[in-house]
Amino acid sequence: MPGSVDRVPGPVPSVGRVPGRMPPAGQVVVTGIGVCAPPVDRPAVDVAWFDVRSQLGRRGYKYLPAACQYLLVAGRHALDDAGDCLDGAAEEQRGVVVGTNNGVAALHDEQDRTVIAEHAGELSPVTAPFGAVNVLTSRLSMEHGFKGISLTLTSPLVAGLESVQVGARAFAAGRSALLLAGAMEQAVPAPEAAAPEEGAVVFVLEPPEQAAARGATGYGRCAVRTLLLPPHGLGAGPARRRSAAVLREAALALGADQVPVYALLDDSPVSELVAGAVPAAVGPVRDAGPPAAGSLTPMLRLADRLRTADGDSLLVTAAGTGNVAMVRIWRTAGSTRRSAGC
């Protein structure tokens, strides 16, 4: 994903920390949240939790990949939750950015089996276009008349959080005035190490000044920082020390020394380094649970922090691939869960 990841090790950059503050371009206001995911007491592979007809309608949605169906439901909920957000943004200034790691994995598996066992000519003309993952994101754009940027990000684990970061950059560059940022996943056909994920989360993002102009306080503000720590460079020595310094500086720039820190970490050397390098002056780092097989869980945790948590916080996630994301959350005082879910 062009221009969104800081790669280390290397010379430690100057982050330009301002205590308690991020530059305005780094912040977005979350004015709507939509979630479509299984209840916590049901496994992701239990398909009985979702009925496409009751959630989307009887016509036009049946043959969409499941991840796309979840995305459309979450998008509807998010826009309903945000109120009159469409009034102040022209169609060309409305964008969509979605992260996924396994949104079309099941479809690709089915297509591979069809080609191997039969012939490419036997592929369904209805589902074949969705082999290109950005078609799922574009379907959300078309659903609501969003004619601006339409991007799909696939960085392991952090792709959903990167969508929020890309939204902030689109606002700063004048590319968008309103953005849907989200994550969608469908359970992989044969999960091996990590737990499967199923569902979608969509946030309505607005620039702070635009949200204020229409009187929308939203759930709060977010700023996201992503990094890439090559796992082969994390052994003892200068490379590890440089990586730790970059992690610490990025966390401090987001206010890790001022707010509680919550972490989604696996058992990889990358996560071990993150856990040791991120400062947590406000008590120890809290365990937000292990990551799953895709990019959905960090976005679900961010939605939870915005909808139900009290006070500001920092959410950190890392994977053995070297992908790291940090999200600073400035929560609006008194905001409550109001968005619907599946």
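We did not get these values from a lab; they are worked out from the coordinates using the rules stated. Computed from a prediction, not measured in an experiment: that's the story for all the values here. Every residue, glycine among them, receives a Cβ derived from its backbone with ideal geometry; neighbour counts consider all protein chains shown.
Computed about the Cα centre, the dipole magnitude for the chain is approximately 920 debye when only Lys and Arg (+1) and Asp and Glu (-1) carry charge, each at its Cβ.
For the stretch 138-296, the calculated P(r), taken from all Cα-Cα distances in 10 Å bins from zero up to the bin holding the longest distance, is 9, 30, 35, 21, 4, 0 percent.
Between Val126, Val35, Val278, the Gaussian network model of the chain with springs among Cα atoms under 10 angstrom shows the greatest mean-square fluctuation at Val126. Using Cα springs under 10 Å in a Gaussian network model of the chain, which residue among Met184, Met326, Met142 shows the largest mean-square fluctuation? So, out of Met184, Met326, Met142, the one fluctuating most is Met142. GNM on the chain, alpha-carbon springs under 10 angstrom: the most fluctuating residue among Gly233, Gly121, Gly32 is Gly121.
Using a 10 angstrom Cβ neighbour count of at most 14 plus a DSSP loop assignment to flag exposed GluC sites (Glu not before Pro), which longest range of the chain is free of such sites? Within the chain, the longest run free of exposed GluC sites (Glu not before Pro) spans 193-342. Pop the C-beta distance of Val40 and Ala106 into the FRET formula with R0 = 30 Å and round what comes out to the nearest 0.05. For Val40 and Ala106, the calculated efficiency is 0.85. Length, then width, then depth: along the principal axes, the Cα atoms of the chain run 55, 49, 38 Å. For the stretch 63-144, the Cβ-based charge dipole about the Cα centre amounts to some 120 debye (Lys, Arg positive; Asp, Glu negative; other atoms uncharged). With the charge dipole of the chain set up from +1 on Lys and Arg Cβ and -1 on Asp and Glu Cβ about the Cα centre, the Cα lying farthest toward the positive end among the listed residues Thr152, Pro125, Ala66 is that of Thr152. Projecting label points 7 angstrom from Cα along Cα→Cβ for Ala333 and Ala48 puts them 4.7 nm apart. Distance between the pseudo-spin-label points of Thr308 and Ala236 (7 Å out from Cα toward the beta carbon): 4.4 nm. The calculated FRET efficiency for Arg113 paired with Ala213, based on their beta-carbon distance and R0 = 35 Å, is about 0.10.
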